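Okay, structure first, notes after.
The values are calculated or read from the model by the stated rules, or taken from the named source; none is laboratory data. For clarity, every value in this text was computed on a predicted model and none was experimentally measured. Glycine gets a Cβ as well: all are built from the backbone with ideal geometry, and neighbour counts include every protein chain shown.
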Amino acid sequence: MSKTKTSAGSPLVVAYSRVSTAEQVAGIDAQRAALAAECARRGWEPDYVTDQGVSGGIAPDLRPALGPVLAALDARGGVLVASRFDRIARSLADLALLLDRALARGWTILVVDASGLDLTTPTGRMVAGVLGSVAAFERDLIRARTREALAARKAAGVKLGRPRLVDPALTRRVCALRAEGLTLWGIAEVLNGEGITTPTGRQWNASLVRKLTLRAAEAAA
């Protein structure tokens, strides 16, 4: 992140752009132009931050440039500005998690395109609520399809069941993320964003991540 133009106690305004390895560098210029125009219109002097050669499938907290920005926004508040929502989230479900985080931590998101996603306005917050509801609906549909598929397999005589122990590789990764300074809540977001569930099929939360790290510490003692 470039040197901030705001004092240590003031909110941040961060204009974020991202291109993957398959995209041209010109894509950064196009995003920057849109971000600069919108920030100028609002009288903001943003910090410009770019993740170059980074896939949208990488969780926001693990992106080299965006991860520290999110941590700073959590701590200080401010605005995250992007040209399109797919620059900051790979799916509607991921976007809903990011929106929930922003609302819970007291910062805002502005997407410049015509999506109407602007948490600085009542309309934008309503759009965020609708997106969150749609994402929840999609998750419910996935769960329903999974239950139906399992019921069909059971009816066909297929023996169901899976180990309820956490994969040791996942435990090592969680502990590594914790050692890097990610919060329990942040680690849960990373796992959920990548579609990784608990052994019982639940989404991760701070409490479950904490239990996993405590078990790992006990096993290492």
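What the table shows:
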item: One residue from S83, S91 being in contact with a strand residue (DSSP E or B) (Cβ under 9 Å, 6 or more places away or on another chain), among the hydroxyl-bearing types (S, T, Y) and either within 25 Å of S20 (Cα to Cα) or at pLDDT below 80 (or both); result: S83
item: Answer residue from segment 66-79, given it is at negative phi and touching a Lys or Arg at 6+ places or on another chain (Cβ under 8 Å) and is surrounded by the most Cβ atoms within 10 Å (Cβ to Cβ) among those; result: L66
item: Pairs with Cβ under 6 Å, 6+ apart, first in segment 30-59 and modelled with pLDDT of 90 or more, second among the basic types (K, R); result: E45/K5; D51/R18; D51/R63
item: Residue ID - surrounded by the most Cβ atoms within 10 Å (Cβ to Cβ), chosen from residues in segment 185-221 that are among the β-branched types (V, I, T) and under 21 Å from A93 (Cβ atoms); result: I187
item: Segment 91-100: number of residues that are of a type in the set (D, E, K, R) and in contact with a Pro (Cβ under 9 Å, 6 or more places away or on another chain); result: 1
item: Residue ID - farthest from D94 (Cα to Cα), chosen from residues in segment 35-64 that are surrounded by fewer than 18 Cβ atoms within 10 Å (Cβ to Cβ) and among the aliphatic types (A, V, I, L, M); result: A40
item: Top-ranked residue of segment 172-184 - restricted to ones that are modelled with pLDDT of 85 or more and surrounded by fewer than 18 Cβ atoms within 10 Å (Cβ to Cβ), ranked as farthest from L66 (Cα to Cα); result: R172
item: Test for L208: is it at pLDDT 80 or above, more than 19 Å from G67 (Cα to Cα), in a helix (DSSP H, G or I) and outside the structural domain of A96 (by TED's automatic domain parsing); result: yes
item: Inter-residue pairs, beta-carbon under 9 Å, first touching a residue at least 60 places away in the same chain (Cβ under 8 Å) and in segment 192-220, second outside any helix (DSSP H, G or I) and of a type in the set (S, T, N, Q), 6+ apart; result: N192/Q203; N192/N205; G193/S91
item: Segment 109-131 - residue that is modelled with pLDDT of 80 or more and touching a helix residue (DSSP H, G or I) at 6+ places or on another chain (Cβ under 6 Å) and, of those, nearest to E38 (Cα to Cα); result: V112
